[in-house]
1. Working out 0.36 nm times the residue gap between ASP286 and ARG82, then minus their Cα-Cα distance, what length gain in nm do you get to one decimal?
2. Quick check on segment 319-471: what are the equivalent-ellipsoid semi-axes from the Cα gyration tensor, as sqrt(5λ), descending, whole Å?
3. What is the calculated FRET efficiency for ALA982 to ASP730, with r their C-beta to C-beta distance and R₀ = 60 Å, to the nearest 0.05?
4. Taking R0 as 41 Å, what FRET efficiency do you get between HIS777 and GLU851 from their Cβ-Cβ distance, rounded to the nearest 0.05?
5. If the chain between ASP1011 and THR627 were fully stretched, how many nm would it gain, using 0.36 nm times the residue separation less the Cα-Cα distance?
6. Which one of VAL671, VAL624, PHE224 has its Cα pushed farthest toward the positive end of the charge dipole of the chain, where Lys and Arg give +1 and Asp and Glu give -1 at the Cβ?
7. Dipole of the chain, Cα-centred, from +1 at each Lys and Arg C-beta and -1 at each Asp and Glu C-beta, to the nearest 20 debye?
8. Report, in cubic angstrom per residue, the convex hull volume of the C-alpha atoms of segment 737-948.
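We did not get these values from a lab; they are worked out from the coordinates using the rules stated. This one's a predicted model, so the numbers in the text were calculated from it and none came from an experiment. FYI the Cβ positions are ideal-geometry reconstructions off the backbone, even for glycines, and counts take in every protein chain you see.
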Amino acid sequence: MRRPRLRAPAGRLTVALTAAALAAAGVLAAPAAAAPAPALTAAPGADGLGETDALAAADRLGRPVEATRLKTERSRVLATPRGTLVLETYASPRWTRKQDGWRQIDPTLRRNADGSVEPAATLADVSFSGGGSAPAVRLPVTGGEVSLTWPGVLPRPRLEGDSAIYESVLPGVDLRLRALSDGFTWVLVVTSAEAAANPELDELRFGLHTAGTVTRRARAAGGFEVVDGAGRTLASAGSALMWDSSGLPAPTAGSRASGAEERTQVVRSAPDRARKAELSTTLRGDDLVIRPDPQLLRGAHTSYPVVIDPWTTIGKTNWGYASSQNVTRDDGVARVGLDPSGGGTFRSYFRFSLSTLATKTVRSAKFLTEMTHSWACTSTPVNLWRTADLPASGKQTWSGPAFQLWLEERSGHAHKPSTGSTCSDDPQPDKPLEFSSDNLGTDVRNNRGDGNYTLVLSNRQADGTSESTSTWWKKFDPALTKLSVEYNTPPNTSTAAQLATHADYTAPAQACVTGSSAPAVRSDTPWLKATLTDPDGSNGGTLAGTFALEKMQLIPQENGTKPAIMGFVPVTGWPKTVSGVAPGAKAELRFPTAVTGGRFRWQVQTTDTLGGASDWSTWCEFIVDNTAPATRPAVSSADGLYLESPANQNMQGSPGYSGRFAFAANGSSDVYDYSYQINGGPVAYARADTSGSAMVWVTPNRIGENVLSVRSRDQAGNSSEAKDYLFLVDNHSPLKSHWAMDDGGVSTTLANAVAGAPVANLVNGPVWQDGRILGTHRIKGKDQAVKFDGVDDYALATGVGLDTSRSYSVAAWVRPDADGLMMIAGATGARNDSFMLRKYSDNRWVFTVLEQDSDTTAYTHAFGPAAVKGQWTLVAGSYDQADGKMRLYVNGKEVSSATVPRTFNAGLVTLGRERWAGAPLGHWNGAIGEVRLWDRVLDVDKDLQPLMKPVSTAEWDMSDFDADHRLENDLSDYRHSLALTASPTADPTTDGYDFGDGLVINGAPGSADTDGPVLRTDQSFTASAWVRLTTYGDQTVVAQDGSGRSAFYLMLDGASSRWCITMPTVDVGTTNWQWVMSTSTAQLNTWTHIAAVYDSTSRELRLYVNGQRQGVRPDTVGWQASSALRVGRSLVGYHLDGGTVDQVQLWQGALSDAEVAAEASA
């Protein structure tokens, strides 16, 4: 609301004594100013809107939107629909930030539940007494609190807007406390001369107390300061001003209302004709002491009320004043001109921060204020100047901030009848004034970035005269004084990374560089491309890029009298501009006419539609060259491995084994690099040295004839004709080492299956256990693995002879039994492994290659999927020296790749432990089934797929029956015999599938059982059989038992008469059943092929009937069943009832759809 002004003379004589205390921003309220339609603001929370978001919203809504992220106590930024931004910065606090966001300052008082009184929203958390003996005022400050106490009991206050009135605190005396934007004032009002005669008013004492880490101390010039523990001033109080009510005219019939306003306002600021006296304030013990002037308080010519106003501030205001008589007027009123009451000539200074405009384009500026009073009835001038910096708020010396630049003169009047004389239209309304000259805009533009831009209101005119003209006296409201600056953020200067030269539109970008690094392009009409950006998104508009182009040529000197010199000269017709570019997009410009070669340079400047312009970018140089190298390159074997054919007819090396080749310029003088490819594959590039030569590694990929095609290129990319180098490659090289871990389970070494290759020594006692395949192979024996404890177990092999600076590969079957970082295998150097095949700390498989054997080495990861604890997994890594490509394989499939710039050779091979910066760590917790090493790149089909092939662990074709022992023999290499129950419950038959033998199960208790488990049912497995049913009902074909349930049931479901595979989630206890049903009913008396596949890696369970997939269940969980495998029944029964079974097969591993179909059609 608008603050009341002095309007008319008082109706009766009263005496008031006033003391303003601890105003956190001076003695100044911050009422709302009249404004156009309010700007849209962001909802509280987070950081609010920035400039770019606010501009987009303003464009969308068609009205101003506040950039709330930039708001402060004294300033805000508005985005306009026309795409500009407006900074409004005030001389006094305008907003306060509360828990629910920014709120406009509102000093209106309200009562709290405990009876105390506080303002609605101010910068200070000040509160007033609700009556009683509590402190009259509490003001929190940083680190503590300041409080003022009235020496007596206070009555319950009456509230009037921003003021609390405590009536009759002394006979005929009221205490008034008033909330300000950042503090408060306090006033004693004595209602009669008799009250003024009270001797208790000879010396005023108010209790002053501090709490917390803050303390008070006396000021040398009088008053006090409140300081923190570091001695920083948080609040201060100086001298007081005392005035009476002289000059207020007597009320008339038509002026009583405004007279009442004047009698209220007299306690806020001194009338023009008031008699005044300056008083000192002192600190005595815990009291603030003020001694009023007795002559002014009780003099014969005193007009009441009388006001005593000691100032207190915490320095929040950004304005000050100076008086030629050095008088004090700390009452929140800005005065200009010659004071009619004899206080001298006044100037009012206002300080604004332009620091946020340092990089902005200023379009215009306005200084706005509101005149609240003038001496004259008609308009008189007031002038605006820019001065030196205002050092602090409040009172300045007369020689204070020096005048530096006159900006503008404006005129106005706002007379109020407090001067004793009247105007015909009294009281005149307050007069808003706007200073918006070009001088002001230019000066703000020249001083953008200044954190203390100071303007002064004065009557001094442009020629330095008239400052003391008596009738030009005026008053202004600092709370309504602001500087409004319309600005635009200029576009960003394009960086070198945002500039590129292209031989043609889609050609690779050539970097922006100069000098000897300048690129060459192969084009008569190259393209120039520059990314244009604007920090505020170009205010919703577009950008333009202006390109300057220069060519290097001879420049005549002094009319040809001196030798010409080489230099860059602007190209005719340039600069050229590309408009309509969206922010963040590229300005693209093609040479309009062909050029014949030479060195050029170019740069770009970005402009927006509002006049903002970036600086010119750096120069970018390039050379136009369209001539290819004259000769084919010379190619030779640098290491003597892959000699050129047909001169050499010896097959050497191996697919995947890298050889070293030398390229030479062969007489061409402008060779920059070489392009080469093996057998028409991907093209690689090698930079030539200063002699035009290059050395490269090449990895052949086929047996027999390989063709290495090489071309010389110049800097522009012009290529010579190809040199095709033919050479012959031998068969795939065998394994370098193979630790199969089938050593019988008692050895402390791991035998190497490669003849002559070294053993690996087991260290710290890792133990042997069954491997991933159960049973004993008739040739290989029992499949075994080594269990490492994850603490200190590992294995070490020396003399392996694997050069890890060249191409190599590693593969291992592993089972992790714990989470976290764990090493499978690595090549160990003095400080680090050169490669690490391992499980990372987040449980992902990873292949890591290190560049150097040092503690500070760089390294590169190729990450794969997450490992599954308890699952056997084939993990492999391969490194190709030719292109630095490293690849990770999981279960025979490439899952990721990366490129490493270099690596080193390490002599040892370690299993189950890594070395990092000389320290052992990452011990493997789990089993390792086998480890293979190659001195070449992997061939997936040859090297990994055989390892992934499912292993046949049992095959009963029912044609090899041992009648003496009632055993059906196993045709697989694992020799798991089936023991038939007594006849007739289970009997062989000649009426099997395809006119062969079979097995008939005639209900309970018939079955054919192994003496132990055949499959690891927690790993991938496949089970299949031919079956012919004679009845419906729950009937099991194949199952493997646990202790409480079978791990899987390949069966007929009795309820639906459909084929089914089902797996319970647990062996004992409450389970969930995981199943897949056939799509149609089983046919009786018909041979049917059924198969089930459990893929533990993908967690899929699949069912097949006659080779056709019936369905898939995802997220299936398996567990290990450690008892017998049964044909014709399960652990809980479900016997075949007169059905015949034939050709039962089991695999450890998951058959594919095609493989199942092949088995069904065999």
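1. Details: separation 204, 0.36 × 204 = 73.44 nm, distance 5.91 nm.
So the chain would gain 67.5 nm between ASP286 and ARG82.
2. Values: eigenvalues 152, 65, 34 Å².
Values for segment 319-471, descending: 28, 18, 13 Å.
3. Numbers: r = 62 Å, r/R0 = 1.03.
So the FRET efficiency works out to roughly 0.45.
4. My answer for the efficiency is 0.45.
5. Details: separation 384, 0.36 × 384 = 138.24 nm, distance 8.11 nm.
Extending this stretch completely gives an extra 130.1 nm.
6. It is PHE224, whose Cα lies furthest towards the positive end.
7. Values: 107 positive and 123 negative charges, 1117 e Å.
It works out to roughly 5360 debye.
8. Working: hull volume 22.8 nm³, N = 212.
Measuring per residue, one finds 107 Å³ for the Cα hull of segment 737-948.
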